[in-house]
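Here the structure comes first, spelled out in structure tokens, and everything after it is commentary.
Coordinate-derived values only; no laboratory data. Model, not experiment: these values are computed from the prediction. For neighbour counting, all protein chains shown are included, and Cβ atoms are generated from backbone atoms with ideal geometry for every residue, glycine included.
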Amino acid sequence: MYIVLIFLIKIVFIILAVVHLYLRFKHKAGSKTDKLVLYWKEQVEFVFKALMSFLLIYIFNPRTNRLFMITYETKLLLFLFGFILIITANWSAFVDESDIFKDLQSSV
């Protein structure tokens, strides 16, 4: 049931993301509808991340062995979770504050 709930939340997130892209394509970004879609998209994304984090804590608890619970669906969710974390990371803060990237930018 828990995995199904996570999949449903992910589907809602994808639908909201597509609606947001559609509104941007139709030059309605910033409209009241778009702001509402963005608000719910962020809320759903937070719930997804929280549920996935609880799943990780539950499965990989070092006191118990629950690796048998890793089914195809769980692997797929963990795979997608990795992509979501990479995509939604605050890359500008990392790149702007890193000395290595500052050195690379100045040398180029």
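Key figures
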{"quantity": "Rounded FRET efficiency, nearest 0.05, which uses the C-beta distance separating Lys32 from Ile86 and R0 of 41 Å", "calculated": "0.85"}
{"quantity": "Derived scalar couplings ³J(HN,Hα) [the stretch 11-26; Karplus, 6.51 cos²θ - 1.76 cosθ + 1.60; whole Hz; x for Gly, Pro]", "calculated": "5, 4, 4, 5, 4, 5, 5, 5, 4, 4, 5, 4, 5, 5, 5, 7"}
{"quantity": "Debye, to nearest 20: dipole size of the stretch 34-73, +1 on Lys, Arg Cβ, -1 on Asp, Glu Cβ", "calculated": "200"}
{"quantity": "Potential extension, Phe60-Glu73 segment - 0.36 nm per residue separation minus Cα distance", "calculated": "3.1 nm"}
{"quantity": "Total formal charge among the other residues, if their Cβ is under 13 angstrom from that of Leu77, Lys/Arg +1 and Asp/Glu -1", "calculated": "+2"}
{"quantity": "Cut-off 14 Å between beta-carbons: net charge of the residues surrounding Ile6, Lys and Arg +1, Asp and Glu -1", "calculated": "+1"}
{"quantity": "Under 14 Å, Cβ to Cβ, from Arg24 - net charge with Lys/Arg +1 and Asp/Glu -1", "calculated": "+3"}
{"quantity": "Count, lysine Cα pairs under 27 Å in the chain, 8 or more residues apart or across chains", "calculated": "16"}
{"quantity": "Given charges at beta-carbon only (K, R positive; D, E negative), |dipole| of the chain in Debye", "calculated": "500"}
{"quantity": "Given charges at Cβ of Lys, Arg, Asp, Glu: the stretch 2-107 dipole, positive-most of Ile87, Ala17, Ile57", "calculated": "Ala17"}
{"quantity": "Phi to ³J(HN,Hα) by Karplus 6.51 cos²θ - 1.76 cosθ + 1.60 over the stretch 42-59, Hz, x for Gly, Pro", "calculated": "5, 5, 5, 4, 4, 4, 4, 4, 5, 5, 5, 5, 4, 4, 4, 4, 5, 6"}
